[in-house]
1. Residues in region 25-44: is at least one modelled with pLDDT of 90 or more and not in a helix (DSSP H, G or I)?
2. So how many residues does region 54-77 have that are at pLDDT below 90, loosely packed, with under 11 Cβ neighbours inside 10 Å and either assigned to a helix (DSSP H, G or I) or of a type in the set (Asp, Glu) (or both)?
3. Would you say VAL50 is in contact with a Phe, Trp or Tyr (Cβ under 7 Å, 6 or more places away or on another chain), in a helix (DSSP H, G or I) and either surrounded by 10 or more Cβ atoms within 10 Å (Cβ to Cβ) or not β-branched (Val, Ile, Thr) (or both)?
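The values are calculated or read from the model by the stated rules, or taken from the named source; none is laboratory data. All figures in this text were calculated on a predicted structure; none of them were measured in a lab. A quick note on method: Cβ atoms are made from the backbone with ideal geometry, for glycine too, and the neighbour counts reach across all protein chains shown.
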Amino acid sequence: MKAASRSNGKSKPSSGKVIARIVWVSIKILIIPVLCIAALIVGLAIGFSVLGDRPVSEVFELDTWKHMYDLVFAEGG
């Protein structure tokens, strides 16, 4: 008579669980950069409109940032 095979308690996880785990880890990794970018955009919009008394739409214009760059890095005396 043969002895019954024992399971060591380690079975392979289903493919659905593996995919869910990969998605969850990806979300955990990406949440901080996404929140940082969102905070940057909100901060720019609030600072530009409240402190600068300018329309919020100007924050997203390229000409605004070219002008800022020219102001910061202008050569002068």
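1. Scanning region 25-44 turns up no residue that is modelled with pLDDT of 90 or more and not in a helix (DSSP H, G or I).
2. 2
3. Here the answer is no, as VAL50 does not meet what is asked.
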